[in-house]
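The values are calculated or read from the model by the stated rules, or taken from the named source; none is laboratory data. In this text, all values refer to a predicted model and were calculated from it rather than measured experimentally. Reconstructed Cβ throughout: ideal geometry from the backbone, glycine too, with neighbour counts over all protein chains shown. Areas reflect the complete protein model, heavy atoms only, side chains present, ligands, DNA and RNA absent. Shrake-Rupley method; radii C 1.70, N 1.55, O 1.52, S 1.80 Å.
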Amino acid sequence: MVSSSAVFVTGLTAAALVTIGVLTHQASAGAPAALERSHASSTPAPGASKAPRDRRHPDALPAGSGRGERVVYSVDDDRVWLVDASGTVRRTFEVTPSTVDPAPGTYAVTSRSNRVTGSDGIPVEHVVRFAGVKDVVIGFSAAVDGSMAEPDPGERTGGIRQTRADGDAMWRFATIGQRVVVVP
C-alpha cells in the first residue's frame with residue numbers, strides 16, 4: 001500500500017514540474033527570436049585560449065555592461081561581477097562555464113532553487129536561473145561537494161559553476177527579477 005506521504009511528495013513533484021513548464025513557456029514566449037538560437041560553446045581549438053579583456057586588470061568590470069544593480073557574466077572571461085546600484089563592484093569571481101552559452105544581452109533571474117541535482121547528476125545548491133537556449137536552462141550554481149570540474153563537452157548543460165562561497169554571495173544578491181547582463 002502506498003503511504004500518504006509518498007502520494008503527497010508525488011503530488012508536490014508533479015505540481016513543481018507543471019509550474020516549471022508554465023514558467024519556461026512564458027519565458028520563451030516573451031523572449032526575442034535571437035535568444036532561441038543555440039549558442040553551444042565548444043572546446044577551444046588546440047592552442048586557443050580565452051584571453052581576459054584587460055590583461056593588466058582581468059577582474060575589471062567590462063565597459064558597456066550597463067548601469068545600476070546587476071550581475072554581469074562574461075562568457076569569454078568566465079567571470080562574474082556583482083554590481084550594486086551605484087555601479088560599484090561588490091564581488092567578482094571566476095566560474096566554470098557550462099557547455100551551452102547564453103547569447104550576449106540583458107536577462108532577468110527567472111527562478112531559484114536552494115538545492116537540486118544538476119543536469120550532470122551532481123548535487124548543487126543556490127541555483128539562480130536566468131536564460132534558456134532551446135531545451136537547456138542556463139543558471140549559476142555551486143556543487144555541494146565544492147567541485148568545479150569542467151563539464152563533459154559531449155553533454156548539453158547550462159550550469160555555470162561557482163565556488164560555494166561565491167554561490168552564497170550570488171544567492172543573496174540575485175533574487176527573482178535581478179538583471180543579468182551577459183557580455184562576450
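Listed values, structure above:
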{"quantity": "Hits in region 111-133 - residues which are touching an Asp or Glu at 6+ places or on another chain (Cβ under 7 Å) and open to solvent by 50 Å² or more (accessible area, probe 1.4 Å)", "calculated": "Asn114, Arg115, Asp120"}
{"quantity": "Ala31 more than 23 Å from Ala149 (Cα to Cα), in a helix (DSSP H, G or I), open to solvent by less than 80 Å² (accessible area, probe 1.4 Å) and at pLDDT below 95", "calculated": "no"}
{"quantity": "Filter result (crowded, with 18+ Cβ neighbours inside 10 Å and either small (Gly, Ala, Ser) or assigned to a loop (DSSP other than H, G, I, E, B) (or both)) within region 81-99", "calculated": "Val95, Pro97, Ser98, Thr99"}
{"quantity": "Selected residue [under 18 Å from the mean Cα position of the chain (by Cα), modelled with pLDDT under 95 and either of a type in the set (Ser, Thr, Tyr) or assigned to a strand (DSSP E or B) (or both)] from Ser119, Ser113", "calculated": "Ser119"}
{"quantity": "Answer from Gly87, Gly146, Gly177 - the residue that is in contact with a strand residue (DSSP E or B) (Cβ under 6 Å, 6 or more places away or on another chain) and on the phi > 0 side of the Ramachandran plot", "calculated": "Gly177"}
{"quantity": "Scope region 135-184; condition of a type in the set (A, V, I, L, M, F, W, C), part of a loop (DSSP other than H, G, I, E, B) and surrounded by 12 or more Cβ atoms within 10 Å (Cβ to Cβ); matching residues", "calculated": "Val144, Met148, Ala174"}
{"quantity": "Flag if Val128 is among the aliphatic types (A, V, I, L, M) and farther than 14 Å from Tyr73 by Cα", "calculated": "no"}
{"quantity": "Test: Asp78 is touching a Pro at 6+ places or on another chain (Cβ under 6 Å) and either within 15 Å of Val180 (Cα to Cα) or open to solvent by 40 Å² or more (accessible area, probe 1.4 Å) (or both)", "calculated": "yes"}
{"quantity": "Meets criteria (open to solvent by 10 Å² or more (accessible area, probe 1.4 Å), among the aliphatic types (A, V, I, L, M) and more than 14 Å from the chain's Cα centre (by Cα)) for Ala108", "calculated": "no"}
{"quantity": "Options Val137, Val182, Val144; residue that is within 19 Å of Asp59 (Cβ to Cβ) and either among the aliphatic types (A, V, I, L, M) or touching a Cys at 6+ places or on another chain (Cβ under 6 Å) (or both)", "calculated": "Val182"}
